[in-house]
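Engineer: Pasting in a structure now, in C-alpha cells, and then I'll have a few things to ask.
Read-outs throughout are calculated quantities, based only on the coordinates presented, and are distinct from any laboratory measurement. Quick caveat: nothing in here was measured; it's all calculated off a predicted structure. Reconstructed Cβ throughout: ideal geometry from the backbone, glycine too, with neighbour counts over all protein chains shown.
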Amino acid sequence: MSNVPTDRKYARSHEWAREEADGTVQVGISDHAQQALGDLVFVEVPEVGRQLQQGDACAVVESVKAASDVYAPVAGTVVAVNEALSQSPELVNQDPYKAGWIMRLKPSAPLAGADLLEAADYATLAEAG
C-alpha cells in the first residue's frame, strides 16, 4: 500500500498538489507513481515562468524502466522548481512528498475548484491499479 498523505489533493495521473501558506501550490508525483516507475535516474523540471493549463505535460521523470510525463494538476505559472533533483533525482523515490517535490505554481484559480481527488479517493484509485 502506498503512502497517501491527507494534506494534499491528487490528480488521476498520479501527481499531488498541496497549497502552501503563501498561496502557491507545491507539486510532485505520488508514492504510488514513484514505486511504479522504479529508481529514478533523471528529472526534467519546467522552466520558471512557464504558464501551464491543468493537464499540461510539464516535467519528465525517467527511471531505469521508462520515462513518464508529469502533468500540471492545476493551471498556473511555475514560480519555483526543485533544483536539487538535477543532481539527486532519487529524492523523488526516497521522499516523494517532501524533499522530492518537483515545482511550485502560482495557481490561476483556487485549488478547491480543481478537479482533484481527496486522499481516500486517490488511495482507492491507486490500489485499483
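Engineer: Amide H neighbours of residue 28 under 5 Å, at least 5 residues apart or on other chains, H built in the peptide plane: list them.
Structural biologist: Here 16, 102 satisfy the definition.
Engineer: So what are the ³J(HN,Hα) numbers for segment 87-97, from phi and the Karplus equation (6.51, -1.76, 1.60; θ = phi - 60°), rounded to whole Hz, Gly and Pro as x?
Structural biologist: With coefficients 6.51, -1.76 and 1.60, one gets 9, 9, x, 5, 4, 5, 6, 6, 8, x, 9 Hz.
Engineer: When only Cα pairs under 8 Å and 6 or more residues apart are kept, what is the percent relative contact order across segment 9-109? Could you put the intermediate results ahead of the total?
Structural biologist: Numbers: 240 pairs, mean separation 32.3, N = 101.
In percent, rounded to a whole number, it is 32.
Engineer: Would you please give the FRET efficiency between residue 7 and residue 77, computed as 1/(1 + (r/R0)^6) with r the Cβ-Cβ distance and R0 = 30 Å, to the nearest 0.05? Working shown, then result.
Structural biologist: Working: r = 23 Å, r/R0 = 0.76.
Between residue 7 and residue 77 the formula returns 0.85.
Engineer: Determine ³J(HN,Hα), in whole Hz, for all residues of segment 30-35 in sequence, where each value follows from phi through the Karplus function 6.51 cos²θ - 1.76 cosθ + 1.60 and θ = phi - 60°; x replaces Gly and Pro.
Structural biologist: 6, 4, 4, 5, 5, 5
Engineer: Using θ = phi - 60° and the Karplus curve 6.51 cos²θ - 1.76 cosθ + 1.60, what whole-Hz ³J(HN,Hα) does each residue of segment 51-68 get, with Gly and Pro shown as x?
Structural biologist: Along segment 51-68, the couplings run 8, 10, 9, 4, x, 5, 5, 9, 8, 9, 10, 10, 10, 5, 8, 6, 10, 9 Hz.
Engineer: Another question, if that's okay. Order of 114-125, 73-84 by packing, highest average Cβ count within 10 Å first?
Structural biologist: Numbers: 114-125: 15.7, 73-84: 19.0.
Answer by packing, highest mean first, reads 73-84, 114-125.
Engineer: With a ≥ b ≥ c the root eigenvalues of the C-alpha gyration tensor of the chain, is it rounded (a/c under 1.5), prolate (a/b larger than b/c) or oblate? Don't jump to the answer; show the numbers that get you there.
Structural biologist: On the way: a/c = 1.63, a/b = 1.09, b/c = 1.50.
Verdict is oblate for the chain.
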